[in-house]
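Beneath this line is the structure, given in structure tokens, with notes to follow.
The values are calculated or read from the model by the stated rules, or taken from the named source; none is laboratory data. Values in this document were obtained by computation on a predicted structure and should not be read as measured data. Glycine gets a Cβ as well: all are built from the backbone with ideal geometry, and neighbour counts include every protein chain shown. Just the protein is used for accessible areas: all its heavy atoms, side chains included, with ligands, DNA and RNA removed. Shrake-Rupley method; radii C 1.70, N 1.55, O 1.52, S 1.80 Å.
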Amino acid sequence: MTRCVSTIAAVALALGFAVAQPAQADLLLFTSTLLPENELHTDVQSNAAGVAIMSVDTDTGLFDLTLWVTGIDQADLTANPFHIHIGGPEVSGGIIFGFLGVDNDWTTNGSLLVREIVDAQFDQAFIDTYWDDLLAGDTYLNVHTSAYPPGEIRGQLIPVPEPTSLGLVAIGVGVMLTGRRRRAT
């Protein structure tokens, strides 16, 4: 019983630190897996796929985004925009940030096409209107092509937990599992 209480206390302490500690970093990370089956219109028959990583400076609104795509022709990617849209996984929302006019250079890396956008900026109007949606995972990247003007691949922008909280939660879970293992033996 004492071990159980100490294990629960250790987990509670770790979780308490994870929740109570202010974030030290001014940088938030987001990931996205873009697939045709994420598109809400049903006519997409594509083998295309993509992955994106975005980092956002919370003080300045500046962000970097790298998008890796396969299965779409480079000329098609250059001629067509991709955007950030508002909406959850089952919502087809409006465009809230476009990338056509922001350094439209795609490079190749083997069979992957890569688009790196550095120091783009969410303005204050974007932050005031869409920041909570971005943090909640209610925004998505959509890559439009000539074959699929509404979008060929789509993926939610998912916030990555900041490392300190994630680490403390992992420690707490590890302590809890160690206590359960000892009790079982």
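List of remarks:
- Taken over region 41-80, the criterion of being hydrophobic (A, V, I, L, M, F, W, C) and over 19 Å from the mean Cα position of the chain (by Cα) is satisfied by V44, I72, A75, L77, A79.
- Verdict on D119 being at positive phi and open to solvent by 40 Å² or more (accessible area, probe 1.4 Å): yes
- Of all residues making up region 126-163, the number that are open to solvent by less than 60 Å² (accessible area, probe 1.4 Å) and without any contact (Cβ under 8 Å) to a residue 24 or more places away in the chain: 1
- Filtered by the rule that a residue be in contact (Cβ under 8 Å) with a residue 12 or more places away in the chain, part of a loop (DSSP other than H, G, I, E, B) and either open to solvent by 80 Å² or more (accessible area, probe 1.4 Å) or under 16 Å from S146 (Cα atoms) (or both), region 24-47 gives Q24, E39, H41, D43, V44, S46, N47.
- For region 55-75, the count of residues that are of a type in the set (A, V, I, L, M), surrounded by fewer than 14 Cβ atoms within 10 Å (Cβ to Cβ) and not in a loop (DSSP other than H, G, I, E, B) is nonzero.
- Across region 76-87, the number of residues qualifying as polar (S, T, N, Q) and either assigned to a loop (DSSP other than H, G, I, E, B) or modelled with pLDDT of 95 or more (or both) comes to 1.
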